[in-house]
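Take this structure, written in structure tokens, and hold onto it; I'll ask about it next.
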Amino acid sequence: MPRPINAYIHPKAVQHNLKVVRQRAPDSRIWAVVKANAYGHGIERIYPGLEAADGIALLDLDEAVRVRQLGWKKPVLLLEGIFNCNDVKVAEEFDLTVAVHCDEQRELIVAAKPNRPIDIYLKMNSGMNRLGFARENFREAWERASASPGIGAVSLMTHFANADEGEVDWQLHSFDRATRDIPGARSLSNSAATMWHKRAHREWVRPGIVLYGGSPSGRAVDIADIPLRASMTLSSEIIGTQTMLAGETVGYARTYKTERETRIGVVACGYADGYPRHAPTGTPVSVDGVMTHTVGRVSMDMLTVDLTPCPNAGIGSKVELWGEQVKIDDVAASAGTIGYELMCALARRVPVMVAE
Ligand SMILES: *Cc1c(COP(=O)(O)O)cnc(C)c1O
């Protein structure tokens, strides 16, 4: 018997969340962002939930090819563009749209002499200060790209640094000013801007985390009024129990000491499964559908939970580490990170199943 830990992926939840996005941004087309193997879910697993998207956006060329091999006929966008001349050939062969964030990338496309022009998203750095042309150089970059052989339609994009904290206008204004007389479709909005800043929607939005039911801010409370569904469940079982007397400690470093007699459950899930080791005592978890919390240090293969709220629980009881009941954002917040990281960090050893 394998250990009783499993991850379940719910393509129907992605499909549902996509509908929610559509309602929020009815006038925009949707790039469904599936980088990092669909935020750790597996592109192939969630693919059935993506049908209603207008395009798929990602970073890795091999992921783009996989999406084409799955039969995706609509646009595919490489968010970081290409890295060498051969990538241009692949982009041509698989009809990929590519971001161009610097003149070196434009030159690679020109040098590769594609037989068919490559559509691009010219990227502006409007304040994130990661990738993109500076505002003052943007018009010139656009003129050069538009005049370049091998380049087809030129769309415009930028990325927000702090949309989840309500700050988009400083970047929005600078983008709008620098692109005022430039034609072409625009794409600005990540999940936070898609959900919360309608004025930034434009022709294409680029939601990622909300497709998976996660909060762009990392706080579950910020999406509590949006009917999103969790697309990943991490579940396991109780494999042992202990009844501890008052004043005893549990686990490594003896960080948790009982105040009274306490029954604890040992769960087959540890940091080698992708559960955050930094999750302290008090991190939410459910046992047999009852909310409780972890106690003590997370070990490599096990963690321990307080069974006080569920006295009937025992070996074989179902444990949800995150999913529909236990918000991944709450687990992440407790561990000092964000739901994005937990999804992406699901370990390879965890068996993954596609659920309804
Ligand atoms: C990851 C990413 C997105 C999606 O971000 P979310 O916060 O997950 O919605 C959009 N655009 C770009 C360029 C990205 O890298």
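The values are calculated or read from the model by the stated rules, or taken from the named source; none is laboratory data. All of these numbers come straight from a predicted model, not from anything done at the bench. Using ideal geometry, Cβ is built from the backbone for each residue, glycine included, and neighbour counts are taken over all protein chains shown. Surface areas here come from the heavy atoms of the whole protein model, side chains and all, with no ligands, DNA or RNA. Shrake-Rupley method; radii C 1.70, N 1.55, O 1.52, S 1.80 Å.
Among the residues of the stretch 163-190, write down those that are within 14 Å of the ligand (Cβ to nearest atom) and assigned to a helix (DSSP H, G or I).
A163, D164, E165, Q171, F175
Read through the list (1) more than 18 Å from T233 (Cα to Cα); (2) within 16 Å of the ligand (Cβ to nearest atom); (3) in contact with a helix residue (DSSP H, G or I) (Cβ under 7 Å, 6 or more places away or on another chain), then give the number of the only condition that S28 fails.
(3)
Find the strands (runs of 3 or more DSSP E) located wholly in the stretch 1-69 whose residues include 3 or more that are touching a residue at least 40 places away in the same chain (Cβ under 8 Å), and list them.
Once the strands (runs of 3 or more DSSP E) in the stretch 1-69 are filtered for at least 3 residues that are touching a residue at least 40 places away in the same chain (Cβ under 8 Å), what remains is 6-9, 29-33.
Which of the residues belonging to the stretch 197-208 are more than 12 Å from the ligand (Cβ to nearest atom) and either touching a residue at least 60 places away in the same chain (Cβ under 8 Å) or under 22 Å from H10 (Cα atoms) (or both)?
K198, H201, R202, E203
Moving to a separate point now. Could you check how many residues of the stretch 240-266 are aliphatic (A, V, I, L, M), under 27 Å from N6 (Cα atoms) and out of contact with any Asp or Glu (no Cβ under 7 Å at 6 or more places or on another chain)?
2
State which residue is surrounded by the most Cβ atoms within 10 Å (Cβ to Cβ) when the search covers only the stretch 70-106 and only residues that are β-branched (V, I, T) and assigned to a helix (DSSP H, G or I).
V88
Anything in the stretch 11-24 that is open to solvent by less than 30 Å² (accessible area, probe 1.4 Å) and closer than 12 Å to P48 by Cβ? List them, or say none.
The answer is P11, A13, V14, L18.
Under 7 Å between Cβ atoms, at least 6 apart or on separate chains: pull out the pairs that start in the stretch 259-273 with a residue that is free of Cβ contacts under 8 Å to residues at least 24 places away in the same chain and end on any residue that is β-branched (V, I, T).
Once the first residue is free of Cβ contacts under 8 Å to residues at least 24 places away in the same chain and sits in the stretch 259-273, its partners that are β-branched (V, I, T) give E261/T243.
Hey, can you tell me all the residues within the stretch 323-352 that are within 16 Å of the ligand (Cβ to nearest atom), among the acidic types (D, E) and open to solvent by 20 Å² or more (accessible area, probe 1.4 Å)?
Scanning the stretch 323-352 gives a single hit, E341.
With the condition kept exactly as written, say whether any residue in the stretch 132-155 is surrounded by fewer than 16 Cβ atoms within 10 Å (Cβ to Cβ), within 16 Å of the ligand (Cβ to nearest atom) and within 21 Å of E80 (Cα to Cα).
no
Here's a follow-up. Can you confirm whether the stretch 296-311 contains a residue that is surrounded by fewer than 21 Cβ atoms within 10 Å (Cβ to Cβ) and at positive phi?
No, there is no match, as no residue in the stretch 296-311 is surrounded by fewer than 21 Cβ atoms within 10 Å (Cβ to Cβ) and at positive phi.
Kindly establish whether G289 is in contact with a Cys (Cβ under 9 Å, 6 or more places away or on another chain), at positive phi and open to solvent by 10 Å² or more (accessible area, probe 1.4 Å).
Criteria met by G289.
Table: residues versus (1) more than 12 Å from the ligand (Cβ to nearest atom); (2) among the aromatic types (F, W, Y); (3) free of Cβ contacts under 8 Å to residues at least 60 places away in the same chain; (4) in a loop (DSSP other than H, G, I, E, B).
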position: A192; (1), (2), (3), (4): no, no, yes, no
position: M195; (1), (2), (3), (4): no, no, no, no
position: V210; (1), (2), (3), (4): no, no, no, no
position: S215; (1), (2), (3), (4): no, no, no, yes
position: G218; (1), (2), (3), (4): no, no, no, yes
position: P227; (1), (2), (3), (4): yes, no, no, yes
